[in-house]
Amino acid sequence: MTYKDQLNREIQLKKTPKRIVSLVPSQTELLVDLGLEESVVGVTKFCTHPKHLRMSKTVIGGTKQIKLQKIIDLQPDIILCNKEENTKEIIEVLEGVAPIHISDIYNLEDCFELIKMYGELFKVENSASIIISNIQNEREQFQDEIKNQPKPKVSYFIWKKPWMVAASNTFIDVMLAEAGFVNAFKEELRYPEISLDNSTLNQSDIIFLSSEPFPFKDIHIPELEDRFSKKIIKIVDGELFSWYGSRLQKSYGYFKTLQNLK
């Protein structure tokens, strides 16, 4: 059987994969929600959902640094990767271990395509269709509720030391728009480093501090409050802005809780 991944690479499979290694946390959760938990044999240390998974599966390292021999010992039928989260070097070293499926996500259509691909790859098409439908229904309802709402400018921090924000050409940028906000850094690309004196930052209405990849917490708010006393500063759930699998079913309910910031 021949399949294609989101980089248009061809993947040859002799049978439906029954031993899956996932190097991407959001995709690991998606596999479980597709009913494939028993088929997952290897996960990363960042695969935190569902919480029990790392106790029952082999942890093969992180998304950027893997333990190759552990993966080889698992004898996987397929390895699931992502263009942004995993390095080119990891892909190259794993190509001789098992077929590799690489995702490449920039928008919601890419998300739906990936879920559909997994449905076909692992013969769980019905479960995939249900998840896609759930996300689309949540999205449609939420968008209808906020269509006449104002759209404040938001600066979305993902890192500290150096300070970094999410700009355009990122999935976070798409999800900020989905949540009813305008990305203050939309004219810049990817994840620029900025100073707190940045003029664009000063023009934003709201500052979001993401819970990941840097684990921003309430203790980080006072530093920014000293500089931006008139702005709303809030810790937000980074997973609900950046995880692109089945967790999207929860994103729009969370976005509703942010509407009181407007």
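I need every pair where a residue in the stretch 61-88 that is assigned by TED's automatic domain parsing to the domain that holds Gly245 has its Cβ under 8 Å from the Cβ of a residue that is surrounded by fewer than 16 Cβ atoms within 10 Å (Cβ to Cβ) and hydroxyl-bearing (Ser, Thr, Tyr), sequence separation at least 6 or different chains.
Hits for this filter: zero, empty list.
Working only within the stretch 164-198, note down all residues that are surrounded by fewer than 16 Cβ atoms within 10 Å (Cβ to Cβ) and acidic (Asp, Glu).
Correct list: Glu187, Glu193, Asp197.
Checking the condition touching a residue at least 24 places away in the same chain (Cβ under 8 Å) and out of contact with any strand residue (DSSP E or B) (no Cβ under 6 Å at 6 or more places or on another chain), which residue from Lys250, Lys160 passes?
Values: Lys250 fails: touching a residue at least 24 places away in the same chain (Cβ under 8 Å).
On inspection, the qualifying residue turns out to be Lys160.
Exactly one condition in (1) farther than 18 Å from Lys262 by Cα; (2) at pLDDT below 95; (3) surrounded by fewer than 22 Cβ atoms within 10 Å (Cβ to Cβ) is not met by Phe228; state its number.
The number of the failed condition is (1).
Test Glu38 against the criterion of being among the acidic types (Asp, Glu) and buried (at least 16 other Cβ atoms within 10 Å of the Cβ), and give yes or no. Before the answer, list the steps.
Values: among the acidic types (Asp, Glu): yes; buried (at least 16 other Cβ atoms within 10 Å of the Cβ): no.
Here the answer is no, as Glu38 does not meet what is asked.
Could you pull out the residue among Glu38, Glu29, Glu84 that is acidic (Asp, Glu), at pLDDT below 95 and either touching an Asp or Glu at 6+ places or on another chain (Cβ under 8 Å) or not in a strand (DSSP E or B) (or both)?
Numbers: Glu38 fails: at pLDDT below 95; Glu29 fails: at pLDDT below 95.
Only one candidate qualifies: Glu84.
When only residues in the stretch 242-260 that are of a type in the set (Phe, Trp, Tyr) and outside any loop (DSSP other than H, G, I, E, B) count, which is surrounded by the fewest Cβ atoms within 10 Å (Cβ to Cβ)?
Tyr254
Just give me the residues in the stretch 168-180 being touching a helix residue (DSSP H, G or I) at 6+ places or on another chain (Cβ under 9 Å) and in a loop (DSSP other than H, G, I, E, B), in sequence order. Walk me through it before giving the result.
Start the filter on the stretch 168-180 by keeping residues that are touching a helix residue (DSSP H, G or I) at 6+ places or on another chain (Cβ under 9 Å), which leaves 170-172, 174-176, 178-180.
Residues satisfying the conditions are Thr170, Ala179, Gly180.
Between Ser211, Ser155, Ser199, Ser195, which is more than 20 Å from Glu109 (Cα to Cα), of a type in the set (Gly, Ala, Ser) and in contact (Cβ under 8 Å) with a residue 40 or more places away in the chain?
Details: Ser211 fails: in contact (Cβ under 8 Å) with a residue 40 or more places away in the chain; Ser199 fails: in contact (Cβ under 8 Å) with a residue 40 or more places away in the chain; Ser195 fails: in contact (Cβ under 8 Å) with a residue 40 or more places away in the chain.
Being more than 20 Å from Glu109 (Cα to Cα), of a type in the set (Gly, Ala, Ser) and in contact (Cβ under 8 Å) with a residue 40 or more places away in the chain holds for just one of Ser211, Ser155, Ser199, Ser195, which is Ser155.
Testing Gly119 on (1) of a type outside the set (Phe, Trp, Tyr); (2) touching an Asp or Glu at 6+ places or on another chain (Cβ under 6 Å); (3) not in a helix (DSSP H, G or I), one condition comes back false. Which one is that?
(3)
The values are calculated or read from the model by the stated rules, or taken from the named source; none is laboratory data. Here the structure is a predicted model, which means the values were calculated and not measured. Neighbour counts run over all protein chains shown; Cβ positions are idealised from the backbone, glycine included.
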